[in-house]
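Enquirer: A single structure is presented below for examination.
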Amino acid sequence: MRLLHRAAGFGLAALLASGPALAQQKTLRIAMTAADVPTTTGAPNNGFEGVRFLGYPAFEGLVLWDLSRADRPATLRAGLAESWAQDPADPKTWIFKLRAGVKSHDGTDFNADAVIWNLDRYWKNDSPQFEPAGSGIARARTPIMAGYRKLDDMTVAISTTRVASYFPYMAVYILMTSPQSFEAGARLGQGGRPTARRHRTLQAVQVHPRVSAELAKNEGYWDKARIPKLDRILLLPMPEANTRLAALRSGQVDWIEVPPPDAIPSLKQAGFSVVTNSYPHVWPWFYQTGGTTTPFKDVRVRQGLNYCVDRAGLVSLLNGTAEPSVGWLKPSDPNFGKPENRYAFDPAKGKALLAAAGFTPQKPLKFKVMISASGSGQMLPLPMNEYMQQNLKEACGVEVSFEVTEWNTLLTAIRQSPDAPILNGSTSVNPSSPSSDPAVAARYFLQAFVPPNGFNWGQWNDPAFEEAFAALEVAKDEAAFNAAYAKAHERLVDNPPWLYIVHDLNPRAMSKRVKGFVSAQSWFQDLVTVDLQ
């Protein structure tokens, strides 16, 4: 690992010393938690950190997140589509009116043909541009895609397999690229990877796998109010928290994701900015309820473990950079509902529930959790999981072991069947999750979206949840939508598919030279407003 980041430092020096003009440019250097540079074809891997840094900054969708405010959860705004609406004659069909006058970096016009070409890249297996890796990511995030067609040069229709009031929250992850430059990039590539040009504020100009990716300002971006203040951004994968910390302190980088919690006081004392904010994030353990060897078929086990966790102790370990999680949503969310269970640290209640399910000090509950060493939204997974292991043993006599793997391997594992060899006997997994909207809840909790159709890895099935969610999908007004959402969330608490642990507060540390950053309540951040002084 040290050799990797020594190479990253060497690459940085070489890039910044490549010419006087470049040396005078404003180049923001960011250390990511990822172990590799995300892919650059428009469907970045490495989870939502990949989307954060090589998705939205470099590509654009029909729908975008509004990341302009820190005082509320991010909402949606128009992107390459000026507007969208359900077809009054067919609520499974959405009509997107495209934005006129948009060109990619290579001068290609954006129109309905470009949209269909991009959708074929993900959903038409026999298209020349079909991209298997990107298709897997796109289909997992938009599992209800049924079809699409061009209505005219600036209008497309997209159909879904079910009525889904939340479909725009899935469309936000379908990113577009220029057909012409994608095909050229696929032939030439960089570092063995195809690259593509985009309709976005930044473009990737150099990609060195496992070392760095460099983004440059797009002066020709269609929204002149959103031309970046920075000239370039250099992304450096650094999965080890202490490596990121050393890089910031030494001046190798200007910005690090997820600083070590115990270093935050000294960073502040040294003049660095440490930024946190609430955002829709859950750091859980998923329960496997459908496998042949799982102990989690019994709801008493799943509830009992939720009473065994000392969440406040974990928040203290993280130096206040997290908050306790007692559901998929936060208790302050108006759609949290009124569940019967309000989980708190209550070992007596936890042990009583486990005993009722047949697990006692003489026959303790034992299971294995697949975890990662780093990754998007994973916070500090090794010390956090070690804390969980000790907490559950001391509080409730539960014996937990770990299968430690790489982040992308964990993402692959949660799209497999319950007893898949890749899990190596794990009956629980620890991928962090967004909790931003019902579209995410659909992918994680509806029975229709067990793998390979979505992320319901645990094969959780709750008829009352399904009923409430069906009402949400067809809701015509906000009151009906919110009432159904709250009822659905009550089932996520009372019949928990996950062990809810903490919500991240999105910490990052920056040099005092970094100005203009707005910490949006989102997994994604707007780099357009960022400047260096």
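The values are calculated or read from the model by the stated rules, or taken from the named source; none is laboratory data. Small disclaimer: the values here were computed from a predicted structure and weren't measured. All Cβ positions, even for glycine, are placed from backbone atoms using ideal geometry, and neighbour counts span all protein chains on display. These accessible areas exclude ligands, DNA and RNA; they are computed on the full protein's heavy atoms, side chains included. Shrake-Rupley method; radii C 1.70, N 1.55, O 1.52, S 1.80 Å.
Enquirer: Among P421, P364, which is free of Cβ contacts under 8 Å to residues at least 24 places away in the same chain, under 20 Å from T293 (Cα atoms) and open to solvent by 10 Å² or more (accessible area, probe 1.4 Å)?
Expert: Result of the check over P421, P364: P421.
Enquirer: Quick check on region 515-529: of everything there that is aromatic (F, W, Y) and out of contact with any Pro (no Cβ under 7 Å at 6 or more places or on another chain), which residue is least open to solvent (accessible area, probe 1.4 Å)?
Expert: Filtering first and then ranking leaves F524.
Enquirer: If you check A133 against the conditions, is it under 26 Å from W222 (Cβ atoms) and either at pLDDT 95 or above or under 27 Å from the mean Cα position of the chain (by Cα) (or both)?
Expert: For A133, the condition - under 26 Å from W222 (Cβ atoms) and either at pLDDT 95 or above or under 27 Å from the mean Cα position of the chain (by Cα) (or both) - is not met.
Enquirer: Go through region 447-466 and report how many residues are within 19 Å of the chain's Cα centre (by Cα) and either over 18 Å from V429 (Cα atoms) or in a loop (DSSP other than H, G, I, E, B) (or both).
Expert: 9
Enquirer: Could you check, for region 497-504, whether at least one of its residues is out of contact with any helix residue (DSSP H, G or I) (no Cβ under 7 Å at 6 or more places or on another chain), surrounded by 19 or more Cβ atoms within 10 Å (Cβ to Cβ), farther than 30 Å from P265 by Cα and aromatic (F, W, Y)?
Expert: Checked region 497-504: at least one residue is out of contact with any helix residue (DSSP H, G or I) (no Cβ under 7 Å at 6 or more places or on another chain), surrounded by 19 or more Cβ atoms within 10 Å (Cβ to Cβ), farther than 30 Å from P265 by Cα and aromatic (F, W, Y).
Enquirer: Considering only residues that are within 26 Å of the chain's Cα centre (by Cα) and part of a loop (DSSP other than H, G, I, E, B), which ones fall in region 230-271?
Expert: Answer for region 230-271, where residues must be within 26 Å of the chain's Cα centre (by Cα) and part of a loop (DSSP other than H, G, I, E, B): L230, M238, P239, E240, V253, D254, V258, P259, P260.
Enquirer: Report whether or not K512 is charged (D, E, K, R), open to solvent by 10 Å² or more (accessible area, probe 1.4 Å) and part of a loop (DSSP other than H, G, I, E, B).
Expert: So K512 passes the test.
Enquirer: Take the residues in region 325-361 that are touching a residue at least 40 places away in the same chain (Cβ under 8 Å) and assigned to a helix (DSSP H, G or I), then tell me which one is surrounded by the fewest Cβ atoms within 10 Å (Cβ to Cβ).
Expert: Only one residue tops the list, namely A356.
Enquirer: Inspect region 459-466 for any residue being in contact (Cβ under 8 Å) with a residue 24 or more places away in the chain, in contact with a Pro (Cβ under 6 Å, 6 or more places away or on another chain) and buried (at least 23 other Cβ atoms within 10 Å of the Cβ) and give the result as yes or no.
Expert: Scanning region 459-466, I find at least one residue that is in contact (Cβ under 8 Å) with a residue 24 or more places away in the chain, in contact with a Pro (Cβ under 6 Å, 6 or more places away or on another chain) and buried (at least 23 other Cβ atoms within 10 Å of the Cβ), so the answer is yes.
Enquirer: I'd like to check something: does region 281-296 contain any residue that is open to solvent by less than 10 Å² (accessible area, probe 1.4 Å), under 23 Å from W523 (Cα atoms) and of a type in the set (A, V, I, L, M)?
Expert: Among the residues of region 281-296, at least one is open to solvent by less than 10 Å² (accessible area, probe 1.4 Å), under 23 Å from W523 (Cα atoms) and of a type in the set (A, V, I, L, M), which makes the answer yes.
Enquirer: Something else about it: Quick one: is I137 in a helix (DSSP H, G or I), hydrophobic (A, V, I, L, M, F, W, C), touching a Lys or Arg at 6+ places or on another chain (Cβ under 7 Å) and under 27 Å from V440 (Cα atoms)?
Expert: In short, no.
Enquirer: Mind checking which residues of region 199-230 are buried (at least 17 other Cβ atoms within 10 Å of the Cβ) and among the acidic types (D, E)?
Expert: Of everything in region 199-230, just one residue is buried (at least 17 other Cβ atoms within 10 Å of the Cβ) and among the acidic types (D, E), namely E214.
Enquirer: Can you confirm whether F469 is over 17 Å from P91 (Cβ atoms) and of a type outside the set (G, A, S)?
Expert: Here the answer is no, as F469 does not meet what is asked.
Enquirer: Ok, one more. Please specify each residue of region 149-168 satisfying the condition of being touching a strand residue (DSSP E or B) at 6+ places or on another chain (Cβ under 7 Å) and buried (at least 18 other Cβ atoms within 10 Å of the Cβ).
Expert: V156, I158, T160, F167, P168
Enquirer: In region 384-418, which residues are in contact (Cβ under 8 Å) with a residue 12 or more places away in the chain, charged (D, E, K, R) and not in a loop (DSSP other than H, G, I, E, B)?
Expert: E399, E403 - these are the residues of region 384-418 that are in contact (Cβ under 8 Å) with a residue 12 or more places away in the chain, charged (D, E, K, R) and not in a loop (DSSP other than H, G, I, E, B).
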